[in-house]
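S.K.: Encoded as structure tokens, here's the structure I'll be asking about.
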Amino acid sequence: MTLDTMTERAACPDCGAGVGLAADTEVTEIVVCTGCAVELEVVAVGPVTLALAPEIEEDWGE
Amino acid sequence: MSDLTRTGAEAGTGDGRPVALIASRVRFEEKLLLEAFRRRGVAVVVIDDRTLSYRVGDPAPAWRMACNRSIAGTRRLEVSRMCEAFGIPVANSASTVAVCDNKIHSTLVLHAAGLPVPVTAVALAPAAGEEALRRVGLPAVIKPVNGSWGRGLCKINDIDAAEAVLALKESLPSPQQQLIYAQEFVRTPQRDIRVVVAGDCAVTAVHRTGEHWIGNVARGARTSRCPLTPELEDLALRAAKAVGGGLLGVDLLESDDGRLLVNEVNSGVEFRGAAVGDESTAFAIAEAFADYVLSEAPQGEASPGKVTQGKARTAGPAPSQEGDNP
């Protein structure tokens, strides 16, 4: 994602930094906080709300 | 919570029903799939599998077809079971998911179909594990029956390692974790081959090369283009058919003694790795997957339904839905 494709910013729930999000961001998409590098899940759009992403579970995979 | 039937009717194209893309996470792959459906003028509702619930016997949700992209093996199987119970075509089928997500089951099915697989032995408890290892010989690999991304693989070089790993398996709480699935350690040129299959089409093949004996992209393996030879294509399509067909990632091993083996078949295939250095490959996979999903979708009328879930969003030309995003 480049700066010119980011249309919205939302606060990281962990460190409070503003996280830039692309226009086509989807609910359940995972983004990485540019402030603290934690993985965040997009839990809502319009406006965007971020939450800490769930930890990988035992049965995740292909 | 929203009424998904109403959601589907609003989103409709063609026969009025959208395709349901059911996912735990919208990853690179799901984004490409959404774009592929969008390019075809198809409405899609994105369903978070964590929000699904249904009452047995309820009418079906108004989905034309479901594309099951759940990242969690447990939910992946239940998503396909649910769709099939509602009479909604789903890729992949519950049968395919069940076979692929259990290494014992998939090896038995592949072997029964006459496909070459690594020498494999199963023990139903750690107490019989040494016998299983003796049957395959050392070095060997013990794998979790339901594992993925290369997690939990143990290379057994000698009897001391075997004792340690079997003792650890014995201490694990789940009976499933205590099953012993042991395979010969296949010496390869530090790489394996992933062939991506959509229905009866082998879409592409990539080499996955790593420093570690575990060649998963999730473990840092690099991908590079692999020529899709008739031999690879034939083997991959036969393996895909053996497990029930659908959208699949067939993993092959080239042993240093000249064998080409089917290592496993993945029902929740990821293809981000195929895009490294060559995004067109990943796009081609998404296009092929979308075409396969749509080829499976019926053209009949929608049925009313009452499945509810908390997050549904529409991609493509359909009108946006109000109140679907809490």
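S.K.: What value, in deg cm²/dmol to 500, does the helix sum -39500 (n - 2.57) over DSSP H runs of n ≥ 4 give at 222 nm once divided by the residues of chain B?
M.R.: -9500 deg cm²/dmol
S.K.: Treat each spin label as a single point 7 Å out from the Cα along the C-beta direction, and report the B:ASP256 to A:VAL38 distance in nm.
M.R.: Inter-label distance under the simple model: 4.7 nm.
S.K.: If amide H atoms are built 1.01 Å from N in the plane of the peptide, which residues on other chains or at least 5 residues away come under 5 Å of the amide H of A:VAL38?
M.R.: HN-HN under 5 Å from A:VAL38: A:CYS33.
S.K.: Work out the P(r) tail for chain B: percent of alpha carbon pairs separated by more than 27 Å, whole number.
M.R.: When every Cα pair of chain B is considered, 46 percent fall beyond 27 Å.
S.K.: Rg to Rh for the protein assembly as shown: what is it, with Cα atoms only and Rh by Kirkwood?
M.R.: Radius of gyration relative to Kirkwood radius: 0.98.
S.K.: Right, another one. Please report, in debye to the nearest 20, how large the charge dipole of segment B:188-285 is about its Cα centre when each Lys and Arg carries +1 at its beta carbon and each Asp and Glu carries -1 there.
M.R.: Using only the charged Cβ atoms, the result is roughly 200 debye.
S.K.: Going 7 Å from the Cα of B:HIS111 toward and past its Cβ, which residues in segment B:230-256 have a backbone nitrogen under 16 Å from where you end up?
M.R.: Zone members listed by number: B:243.
S.K.: Where does segment B:190-246 land on Rg/Rh, using Cα atoms and the Kirkwood Rh?
M.R.: Here the Rg-to-Rh quotient is 1.02.
S.K.: Under 8 Å for C-alpha pairs, at least 6 residues apart: give me the relative contact order for segment B:121-202, rounded to a whole percent.
M.R.: 40 percent
S.K.: Explain nothing, just compute: Karplus ³J(HN,Hα) = 6.51 cos²θ - 1.76 cosθ + 1.60, θ = phi - 60°, for every residue of segment B:185-195 in order, whole Hz, x for Gly and Pro.
M.R.: So the Karplus estimates, Gly and Pro as x, are 7, 8, 6, 10, x, 6, 7, 10, 10, 9, 10 Hz.
S.K.: Between B:ASP158 and B:LEU124, how many nm apart are label points set 7 Å from Cα along the C-beta direction?
M.R.: 3.3 nm
S.K.: Once amide H atoms are built 1.01 Å from N in the peptide plane, which residues 5 or more positions from B:GLU264, or in another chain, come under 5 Å H to H?
M.R.: B:ASP251
S.K.: Along the charge dipole of chain A, Cβ charges K/R +1 and D/E -1, which of A:VAL42, A:VAL19, A:TRP60 sits furthest on the positive end?
M.R.: About the Cα centre, the residue reaching furthest to the positive side is A:VAL19.
S.K.: Give me a comma-separated list of calculated 3J(HN,Hα) values for segment A:35-46, in order, Karplus coefficients 6.51, -1.76, 1.60 applied at θ = phi - 60°, integers in Hz, x for any Gly or Pro.
M.R.: x, 10, 6, 6, 7, 10, 9, 6, 9, 7, 10, x
S.K.: Further question on the same structure: To the nearest hundred square angstrom, how large is the accessible surface buried between A and B, total for both chains, probe 1.4 angstrom?
M.R.: Summing both chains' loss of accessible area gives about 2200 Å².
S.K.: Moving on to the next point. What is the diffusion coefficient of segment A:3-52 in µm²/s, taking the Kirkwood radius over Cα pairs and the Stokes-Einstein relation at 4 °C with a viscosity of 1.567 mPa s?
M.R.: 124 µm²/s
S.K.: Using Cα-Cα distances under 8 Å and only pairs 6 or more residues apart, what relative contact order does chain A have, in percent?
M.R.: After rounding, I find 26 percent.
S.K.: OK, next. Which FRET efficiency, nearest 0.05, do B:ASP200 and A:ALA11 yield, Cβ-Cβ r, R0 45 Å?
M.R.: That gives a FRET efficiency of 0.40.
S.K.: Given contacts defined as C-alpha pairs under 8 Å and at least six residues apart, what's the relative contact order of chain B, whole-number percent?
M.R.: 28 percent
S.K.: Could you tell me which of rounded, prolate or oblate describes segment B:119-184, using a ≥ b ≥ c as the square roots of the eigenvalues of the alpha-carbon gyration tensor, with rounded for a/c under 1.5 and, failing that, prolate when a/b is larger than b/c and oblate otherwise?
M.R.: It is rounded, given that a/c, with a ≥ b ≥ c, falls under 1.5.
S.K.: Using a 1.4 Å probe on the protein heavy atoms, what percent of the accessible area of chain B belongs to carbon and sulfur?
M.R.: 53 percent
The values are calculated or read from the model by the stated rules, or taken from the named source; none is laboratory data. Note that the coordinates shown come from a computational prediction; the quantities given were computed from them, not determined experimentally. FYI the Cβ positions are ideal-geometry reconstructions off the backbone, even for glycines, and counts take in every protein chain you see. What goes into the accessible areas is simple: the full protein's heavy atoms, side chains included, and nothing from ligands, DNA or RNA. Shrake-Rupley method; radii C 1.70, N 1.55, O 1.52, S 1.80 Å.
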